[in-house]
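Down below is the structure, laid out as structure tokens.
What follows draws every value from the coordinates through simple rules; no lab data is involved. Model, not experiment: these values are computed from the prediction. Cβ atoms come from the backbone with ideal geometry, glycine included; neighbour counts cover every protein chain shown.
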Amino acid sequence: MNAPEALPGPAPRAPGRRRLWLALGVGVVLAAIATWAALWRWGLPPVSAGPPGTLMVTRASSAPVIDGVPDDEAWRLALPSAPFERSDGRGPASRPVTLRALWDDEALYVAFDGDDEALVATFTKRDEPIYTEDVFELFLDPDGDERFYYELQVSPKGVIFDALFPSYRRDLALSQRFTLAGFDARVAAREGGWTAEMKIPFISLKYAPHRPPRAGDSWRFNAFRIDLHPSGEADYMAFSPPIRPDFHALDRFGTLIFQ
């Protein structure tokens, strides 16, 4: 018998292909490490959140005075939000935060109240990055389509930040040049914390379905509190926890219902 022919072996791989696969492998590993590092920083394992909450917006018989102190009779009639939670969804907020909302034919009014023994606020100009320090934040998506949503903030110094995003985090620099006409926010210090009031004129909310809203209308929204400690550590608190480190998590927005 003739000896069987040797089966052909695999063709040698080109060095370029080996380098490509090695680079891809390293990239996958590095991406995995980065993902796990982020999860570790926010807490492991990931959590599943409940459905986003709802806040009733009370119809005001008279507009509150916007002076940073929500002590008008209208505010006493407004229903408080559910307690804020940690932004990562891992339990209650580290400090109490209260949110209330009112409306009339002219504007939406929002009041925040948060505990804080050591306020950190160094910025003095509109649209500076006050979101890196102590701040109250409000996001509004009036028609709920996750396009053209507003981000409104105020610091303990009364510095405001306003932006309009055409879609998720799009055109950050352009968005920050937006100015919401008539937007007013005032703050006040109290023993052991601070308060804030916002006035948001409906006429300036171009993408709201009705201006003013109609009773029963609902908008998507979220609200946050950042508490920066003198040590540089920060606590992140949310009305509706985004679960991931992203306040722009549009799928986690709650609902405002105009009474």
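For this structure, a couple of remarks:
- Length released on extending from GLU117 to ARG211, taking residue separation times 0.36 nm less the Cα-Cα span: 29.9 nm
- For region 141-204, alpha-carbon Rg over 2.2 N^0.38 Å: 1.26
- Local electrostatic count, LYS125, Cβ distance below 15 Å [Lys/Arg +1, Asp/Glu -1]: -1
- With all pairs of separate Cα atoms included, region 84-200 yields a Kirkwood hydrodynamic radius of 15.2 Å.
- Around TRP75: net Lys/Arg minus Asp/Glu count, Cβ-Cβ under 9 Å: -2
- For region 54-258, the average shadow cast by the Cα convex hull is 10.3 nm², which is a quarter of the hull's surface.
- Size estimate for region 207-252 follows the Kirkwood approach: the inverse of mean 1/r over distinct Cα pairs works out to 13.1 Å.
- From phi via Karplus (6.51, -1.76, 1.60), per-residue ³J(HN,Hα) for region 218-235 in Hz, x at Gly/Pro: 10, 10, 8, 7, 8, 9, 9, 9, 10, 10, 8, 8, x, 6, x, 6, 9, 10
- Estimated FRET transfer efficiency (ASP184, SER231; beta-carbon r; R0 25 Å; 0.05): 0.15
- The H on the amide N of PHE178, modeled in the peptide plane, is under 5 Å from the matching H of LEU164, each at least 5 residues off or on a different chain.
- Region 51-130: C-alpha gyration tensor shape, a/c 1.5 cut-off, then a/b vs b/c: oblate
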